[in-house]
Structures are given as C-alpha cells and as structure tokens.
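Participant: One structure, as structure tokens, below. Some questions next.
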Amino acid sequence: MWLRTSCELKFNIDTPTPFVLMLRPRSGTQQWVAAEEYSLSPYVPAFEFTDDFGNLCQRLVAPAGDFSIVTSAKVMTADYIDVEPGGVFVDVQNLPDSVLKYLLPSRYCESDRFNDMAMELTSNQLPGYDQVAEIERWLTKTIRFESGSSQYPVSAVEVYDRRVGVCRDLSHLGIALCRSLSIPARMVVGYLHMLKPMELHAWFEAFVAGRWYTFDATQQTKRGGYISIGYGRDAADVAIYNQFGPAVFAYEQNVCVELIDEM
C-alpha cells in the first residue's frame, strides 16, 4: 500500500538549543520511500548522519523563540505483516554479528530479570517464532494498553509491576522477555496507518528463522501499514528528538498517516 505520512513538531525555546532528530524513514526490505519533504521554521543549518543502528539522524541548533519542524513522506509499505508459525530459533553462535547487540540487557529492557518467567510463559511453545507469538499474546491479555498512561519511558520491570502502559512500554517488556530466551529483539518507532489515537507509534521485532519479524501487543489483529523511522535496543536509542541543555518539549505534535493512490 502507498501511504503519506506527516509529522509537525512545535517548540518555544528560551535559549539556542542543540537538537538531534530522528524523523526520516529510510528504504529497506519492508518499505520504499518514494518522496520526502523536510522543513525547519525558521530555517537553520542541519547536518545529517547515520547512527550506530543505521538510522538517519539530523543535528542542528534551534534558535530562541518559536521553532517548528515539519516532515512528510510518500512510502510504499507491506499490505500485511509477515508471520512464520514454527519459525525456528537461531542458535546464538549462528546469529549475524550485527544482531548480537539485541541479545543484551539495556537501559529499559532488563532481560536478565525475566529468565524464569519467560521460560514458564513459553514452556508449551516451539523455540523461536512461536515463543515470541506467545509473549505477544500474553502482553495483549495482561498489560493494559492506555494512551497517555506514561509520559516518560518506563522499564520492563516497571511495566510488569504497573500492568499498564503505552506502546513503548509494552514493547520494552516484550523485548526483555524475548532476550531472556536468547532471542534477539529490538524496538522500532514509526507510523501505523489507522492507529487510534493517531500519533507516533512503537512496536518490537524479534529475530527468528533468519530474519526480523514484527510484533505489536497494542493491536488486536495482524495488519499492514507500518512505516519504520528508527531501530534500537530500547526507547533511549529511538527518540524522535533529543535536546541538550534546559529541558524543551514540543508543545504541539501533529501526526497524520493517510492511504493514497499508487504512483
């Protein structure tokens, strides 16, 4: 399907502030970016680099006063999410080097705290894809997805204790459970067509059967329409913006994803 995405961020800044942004999707195996627009108001020089996870990042110094960022993209993405029931577990010694970092505990995914729980939860499943699918089902049934329930990233342990969270939080717990089974898992941030309420979204991917597969405990059905912007170990790696100095937050954020005709 062809989708058009847009994201507008508005700030009011007291003093010139350095930013690192992550707002540009990149083409890959699951999506093709056909066109993009990226505007800054007022205009300031921006410099792009690729981070350690392959994400396209932009760095700039925002001036004092009103400052806005507007991005849009025309993207072809998959109509359906690939599934692989029975997909095999990949032994750690056979994993690609680039995947190994997604096995380790990270700031918000304390995978070393969930070994016994993950083994018990998936004890009746074949190692690999079926274990992750069972984790996804458990999250959907056990952790209440509630938009706006946490304003800051919450770790997997905290989500488990609270039993409620936003998409980012459910992903943290899913990632921690997968890693505790020696299944590489990573966080993805981006867009989802027909998401309610419409906002930027987060989900997780697990590496089984030789490739990455998408899992999203906030959605009741498997469907397409995902557009990824960034990948990382957890939310600390995939913030759409980081600012440095006195705290600055977007006072307005507008996100839109619409289905468009084929090119």
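No lab work stands behind these numbers, since they all come straight from the coordinates. Computed from a predicted structure; not experimentally measured. Cβ: placed from backbone, ideal geometry, glycine included. Neighbour counts: every protein chain shown.
Participant: List Met187, Met1, Met22, Met194 from most exposed to least, where exposure is judged by having the fewest other Cβ atoms within 10 Å.
Facilitator: Met194, Met1, Met22, Met187
Participant: Where a Cα-Cα gap under 30 Å defines reach, which lysines qualify for Lys74, not counting those fewer than 8 residues away within the same chain?
Facilitator: Excluding near neighbours in sequence, the set is Lys10, Lys196, Lys222.
Participant: I'd like the orientation of helix 167-180 relative to the chain: the angle between its Cα long axis and the longest Cα principal axis, in ° from 0 to 90, rounded to 10.
Facilitator: 40 degrees
Participant: Continuing with this model, one more query. Please arrange Val238, Val61 by counting, for each residue, the other beta carbons lying within 10 Å of its beta carbon, fewest first.
Facilitator: Val61, Val238
Participant: With springs only between Cα atoms under 10 Å apart, run a GNM on the chain and tell me which of Phe145, Phe244, Phe11 wobbles the most.
Facilitator: Phe244
Participant: Residue by residue through the stretch 111-120, which ³J(HN,Hα) values in whole Hz follow from phi under the Karplus form 6.51 cos²θ - 1.76 cosθ + 1.60 (θ = phi - 60°), with glycine and proline marked x?
Facilitator: 5, 6, 9, 10, 4, 5, 4, 5, 4, 5
Participant: A follow-up question, please. Got a sec to turn the phi values of the stretch 12-17 into Karplus ³J(HN,Hα) couplings, 6.51 cos²θ - 1.76 cosθ + 1.60 with θ = phi - 60°, whole Hz, x for Gly and Pro?
Facilitator: Couplings: 10, 10, 7, 9, x, 10 Hz.
Participant: Dipole of the stretch 83-144 (Lys/Arg Cβ +1, Asp/Glu Cβ -1, origin at the Cα centre): which of Val92, Ala118, Leu139 lies farthest to the positive side?
Facilitator: Checking the options against the dipole of the stretch 83-144, the answer is Leu139.
Participant: Let me ask something else. Take every Cα pair under 8 Å in the stretch 92-221 that's 6+ residues apart, average their separations, divide by the length, and report that relative contact order as a whole percent.
Facilitator: That works out to 27 percent.
Participant: Okay, moving on. In percent, what relative contact order does the stretch 1-95 have, based on Cα pairs under 8 Å that are 6 or more apart in sequence?
Facilitator: 44 percent
Participant: Taking springs between alpha-carbon atoms closer than 10 angstrom, which of Ala78, Ala202, Ala46 fluctuates most in the Gaussian network model of the chain?
Facilitator: Ranking Ala78, Ala202, Ala46 by mean-square fluctuation puts Ala46 first.
Participant: Counting other beta carbons within 10 Å of each residue's own, what order do Tyr231, Tyr38, Tyr80 fall into, fewest first?
Facilitator: Numbers: Tyr231 21, Tyr38 15, Tyr80 10.
With the sparsest Cβ surroundings first, the list reads Tyr80, Tyr38, Tyr231.
Participant: In addition: Give me the dipole magnitude in Debye, nearest 20, for the chain about the Cα centre, with unit charges on the beta carbon: positive for Lys and Arg, negative for Asp and Glu.
Facilitator: The calculation lands at about 160 debye.
Participant: Something else about it: Roughly how many Å is it from the Cα centre of the stretch 169-196 to that of the stretch 217-263, as a whole number?
Facilitator: If we compute the Cα centre of each part, the gap is 13 Å.
Participant: Determine the percent antiparallel among the DSSP beta bridges restricted to the stretch 150-263, to the nearest 5.
Facilitator: 100 percent
Participant: Report, by chain and number, residues whose modeled amide H sits under 5 Å from the one on Asp66, excluding near sequence neighbours (fewer than 5 apart, same chain).
Facilitator: Ile13
Participant: Report, in degrees rounded to the nearest 10, the 0 to 90 angle that the Cα long axis of helix 129-142 makes with the longest principal axis of the chain.
Facilitator: Its long axis makes an angle of about 70 degrees.
Participant: Okay, next question. Go through the stretch 74-87 residue by residue and turn each phi into a ³J(HN,Hα) via Karplus (6.51, -1.76, 1.60, θ = phi - 60°); whole Hz please, and just put x for glycine and proline.
Facilitator: The phi angles translate into 10, 10, 9, 9, 5, 6, 9, 7, 5, 10, 8, x, x, x Hz.
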